[in-house]
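I'd like to ask you about the structure that follows.
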Amino acid sequence: MNFSPFDLPELVEYCIDFLHDSRPDLAACSLVSRPWVYPAQFHIFSATSWECMVDQHQQISRLSEISALPHILALISRLELNVYYLGQCDLSGAISRLTQLRGVRISGNLNSVPSTSQKALGAIRALIALPTVERVELYCSFETRPAATFIQIWDGCSEKIRHLSLGNIRVKESEYDWASSVVLKSRRKLALDSLYISYGNYVTPWLASDACPFDFSHLTTLSLTLKRLKVWLCNWQPPMIQDILDLGPFQQLQHLTIIALDRRGIPLQMAITALSTLPTDNRLASLEIECIPQHSMFLRLDELLFSMPLSELQNVKIYAKPSWPWTLVEKYNYEMLPLDSSLMREIWTKITASGFLPDILEVSLVYRAGISSMA
């Protein structure tokens, strides 16, 4: 057999890696020779998405075509799907062939598939039950379905799940009593490494109920987005639920992000109060806060960080996002401030003068200009 220089593994690896973000070029690479086919296909299909709602017929046709190709399904390690396509396509036979799936993201609204929502729910449950799944991102509204439906999709979920993201989760019963909800099949709770909650005040109490299959005591990364005045935050010790998050049980927490965007200032005040509950022997290495700029709150935050035992803290980022100018004038007696405003300089001076700064490797204070949209 004649040796071809195109078959050199080093050449294949170099070319494929260089072109990894160009699907057309990768498709062309798969035509070079047989040894190029698998590496090219792996990069093309390892992360596959059906979240786009443009040209839905073409998306459905493509999903149906790939779902019938076992060798392609076995290459997918991350899958992003809109619930609309889960309701339109029969994936019952394809899901079990996703043998390398590590991460799944599901978005959309079950209102978009009223007649096929049961099929979509079954697909969601089957996907997060795959034994290889480690990361679940659920940005899906269940507002047309009872809370019990949301609980049931976690029954039998993968025991390897370590990373959970919940965003814009809504259920039919906005005042559902999660504490008395049906308990899932008895088994040990799954210890999460990271938790991201974005505007999830409808189901956050679920996290503290026995119906939740996850344990949060070993979290190393926690990210919270606080938007409205009515925010339910749990202290992770069921069945107690309170307004302020108690960070005491998070002994392993290393990275904390709090997004507190509300002109009334309540979320930022809650964030500062939550920070004060960090255990004295905490391992926090990075802290990121995104908020509406408030002079008094920044001073409180600085004083709090200065007084806290944060021996391992290396990275602090504060993103100050302006609100509408007339709201700021009415509420806080100052006008919309430019990037070099005296207030921001005063805040920066206060932070850089703090006692904790010598131990910090990076401090970022970013003032986001522009008022094109309401916070």
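Give the residue that is nearest to Cys212 (Cα to Cα), with candidates limited to residues of segment 155-178 that are acidic (Asp, Glu) and modelled with pLDDT of 75 or more.
Ranking the candidates gives Asp155 first.
Okay, residues lined up against (1) modelled with pLDDT of 80 or more; (2) part of a loop (DSSP other than H, G, I, E, B); (3) surrounded by fewer than 21 Cβ atoms within 10 Å (Cβ to Cβ):
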{"position": "His218", "(1), (2), (3)": "yes, yes, yes"}
{"position": "Leu229", "(1), (2), (3)": "no, yes, yes"}
{"position": "Pro238", "(1), (2), (3)": "no, yes, yes"}
{"position": "Asp246", "(1), (2), (3)": "no, yes, yes"}
{"position": "Phe250", "(1), (2), (3)": "no, yes, no"}
{"position": "Thr277", "(1), (2), (3)": "yes, yes, yes"}
{"position": "Thr280", "(1), (2), (3)": "yes, yes, yes"}
{"position": "Pro293", "(1), (2), (3)": "no, yes, no"}
{"position": "Ser296", "(1), (2), (3)": "no, no, yes"}
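Continuing with the same structure: Considering only residues that are of a type in the set (A, V, I, L, M), touching a Ser or Thr at 6+ places or on another chain (Cβ under 8 Å) and surrounded by 20 or more Cβ atoms within 10 Å (Cβ to Cβ), look in segment 131-154 and name the one that is modelled with the lowest pLDDT.
Checking each candidate, the answer is Ala147.
Output the number of residues of segment 41-68 satisfying the condition of being in contact with a Lys or Arg (Cβ under 9 Å, 6 or more places away or on another chain) and over 21 Å from Ile169 (Cβ atoms).
6
The values are calculated or read from the model by the stated rules, or taken from the named source; none is laboratory data. It should be emphasised that the depicted structure is a prediction, and the values quoted were computed from it without experimental measurement. Glycine also receives a Cβ, built like all others from the backbone with ideal geometry; neighbour counts cover every protein chain displayed.
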